[in-house]
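The values are calculated or read from the model by the stated rules, or taken from the named source; none is laboratory data. Predicted, not measured: the structure shown is a model, and the values here were computed from it. No Cβ is skipped: glycine too gets one built from the backbone with ideal geometry, and neighbour counts run over all protein chains shown. What goes into the accessible areas is simple: the full protein's heavy atoms, side chains included, and nothing from ligands, DNA or RNA. Shrake-Rupley method; radii C 1.70, N 1.55, O 1.52, S 1.80 Å.
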Amino acid sequence: MDVAHCYLEGNVDAVEFCPHDSFHHVLGASTYTLQEGDHPNRSGSISLYSVDAEKGNLDLVHHVETVGIFDIKWNPVGANVVPLLAQADADGYLRIHSLVCSGNGQENEGGLLTEVGGENVSSSMCLCLDWNPSATSISVGLSDGSISIVTVRESQLNIQQTWVAHDFELWATAFDTHQPQLVYTGSDDCRFSCWDLRESPSTLAFQNAKTHKMGVCCIAKSTTDPNKLLTGSYDEYLRVWDLRSISKPINESSICLGGGVWRIKYHPLIPDLILAACMHNGFAVVSIEKDSVALMETYDKHESLAYGADWQRGGRKRPVVATCSFYDRLLRIWMPETSGNITPSG
């Protein structure tokens, strides 16, 4: 069911609901717009919206101009008192923004972003990022195939280590939420890798170069099952991996979603319910149970590349999602039709 929509001033590529209590209504959206010519310019922005799906409200509460942004992510719940939003951008910077309440002191009115830290990670572009569970480190994937581990201490950013992980652009990185000494990477070289951070330089725990037929776009570790992980690829497949043998993970099952699987998000409360952004084929809601993967619903109200997708947190009767598409600069809020009767575990 459609709730609300709006258009941004730039090509929108990522949307992220704030996971922190009192800020579940806050939605961040980032843009990346390339002005071609003799002197190419990569501009961007971060916009904050206040979302109330029950009332059909999608209100812009804050906007800041930036360089072109490829990825944004909020820090994990419980790790810090203050919500922090990290950005990976085209200038090779990792930047951290703090979310504070609006001047009127009403948390439900939204908030303001203030940049509190930044680090020039590389002369290459920063394409993706992920926080470790304790929010003390951020992994950053780079356009030259390298990955950097950046420590975060009171908003001070320091590069801990950087190494060449892949031959081409590194589009996906994810910490293992159950074993945070492990970080996963995926790249245009079709390789899916895992690195052990306990040694410096980091050692390769495994590398799969045969399963994905095209580049690896996204990686998501299950929040409830320590042995389950998902990958998405340009080859249009969402794959489910069994990690019990960490040196040789097994591709248990897969499903073709009809478009490059650019982003995948586990529902924060409903185990094995997945939201996927499928580039040329809109968005999909997928259910994963034991050995089966089922397509529950598709959403095709976007007219361009489906890039950004996220679930809203909070104990609502029906799940609420935000999705965005690139060239038409469209942001939509909607409620999946098929997941309303699923009862959260626990």
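Points worth noting:
- Check on Tyr7, within 19 Å of the chain's Cα centre (by Cα) and among the aromatic types (Phe, Trp, Tyr): no
- Residue, modelled with the lowest pLDDT, within the range 106-116, restricted to residues that are open to solvent by less than 30 Å² (accessible area, probe 1.4 Å) and either among the small types (Gly, Ala, Ser) or in contact with a Lys or Arg (Cβ under 8 Å, 6 or more places away or on another chain) (or both): Gly110
- Qualifying residue in the range 252-259 (condition: hydrophobic (A, V, I, L, M, F, W, C), part of a strand (DSSP E or B) and on the phi < 0 side of the Ramachandran plot): yes
- Looking only at the range 253-270, residues that are surrounded by fewer than 18 Cβ atoms within 10 Å (Cβ to Cβ) and within 26 Å of Arg313 (Cβ to Cβ) come to 1 in all.
- Filter result (acidic (Asp, Glu) and either over 17 Å from His5 (Cβ atoms) or touching a helix residue (DSSP H, G or I) at 6+ places or on another chain (Cβ under 7 Å) (or both)) within the range 56-80: Glu65, Asp71
- Looking only at residues of the range 34-58 that are in contact with a Ser or Thr (Cβ under 6 Å, 6 or more places away or on another chain) and surrounded by 19 or more Cβ atoms within 10 Å (Cβ to Cβ), we find that the one that is farthest from Ile96 (Cα to Cα) is Gly44.
- Considering only residues in the range 207-216 that are open to solvent by 20 Å² or more (accessible area, probe 1.4 Å), in contact with a strand residue (DSSP E or B) (Cβ under 9 Å, 6 or more places away or on another chain) and part of a loop (DSSP other than H, G, I, E, B), the one that is farthest from Gly259 (Cα to Cα) turns out to be Ala209.
- Exactly one residue out of Ile250, Ile246, Ile219 is among the hydrophobic types (A, V, I, L, M, F, W, C), open to solvent by 50 Å² or more (accessible area, probe 1.4 Å), in contact (Cβ under 8 Å) with a residue 40 or more places away in the chain and out of contact with any helix residue (DSSP H, G or I) (no Cβ under 9 Å at 6 or more places or on another chain): that is Ile246.
- Among the strands (runs of 3 or more DSSP E) confined to the range 117-168, the ones with at least 3 residues that are open to solvent by 30 Å² or more (accessible area, probe 1.4 Å), of a type outside the set (Phe, Trp, Tyr) and over 19 Å from Leu85 (Cβ atoms) are located at 156-164.
- Scanning the range 124-173 for residues that are small (Gly, Ala, Ser) and either modelled with pLDDT under 95 or farther than 22 Å from Gly215 by Cβ (or both) returns Ser134, Ala135, Ser137, Ser155.
- In the range 223-243, the residue that is surrounded by the fewest Cβ atoms within 10 Å (Cβ to Cβ) out of those that are of a type in the set (Ser, Thr, Tyr) and closer than 21 Å to Met296 by Cβ is Thr224.
- For the range 212-242, taking the residues that are among the β-branched types (Val, Ile, Thr) and at pLDDT 95 or above, the one that is farthest from the chain's Cα centre (by Cα) is identified as Val240.
- Flag for Thr185 being β-branched (Val, Ile, Thr) and in a loop (DSSP other than H, G, I, E, B): no
- Elements of type strands (runs of 3 or more DSSP E) in the range 286-338, at least 1 residues being open to solvent by 30 Å² or more (accessible area, probe 1.4 Å): 292-299, 306-311, 330-334
- Residue in the range 180-199 that is over 20 Å from the mean Cα position of the chain (by Cα), closer than 16 Å to Asp130 by Cβ and open to solvent by 50 Å² or more (accessible area, probe 1.4 Å) present: no
- When Leu230 is tested against (1) in contact (Cβ under 8 Å) with a residue 24 or more places away in the chain; (2) not in a strand (DSSP E or B), exactly one condition is not met: (2).
- Strands (runs of 3 or more DSSP E) contained in the range 59-105 and holding at least 3 residues among the aliphatic types (A, V, I, L, M) and either at pLDDT 95 or above or open to solvent by 50 Å² or more (accessible area, probe 1.4 Å) (or both): 84-89, 93-101
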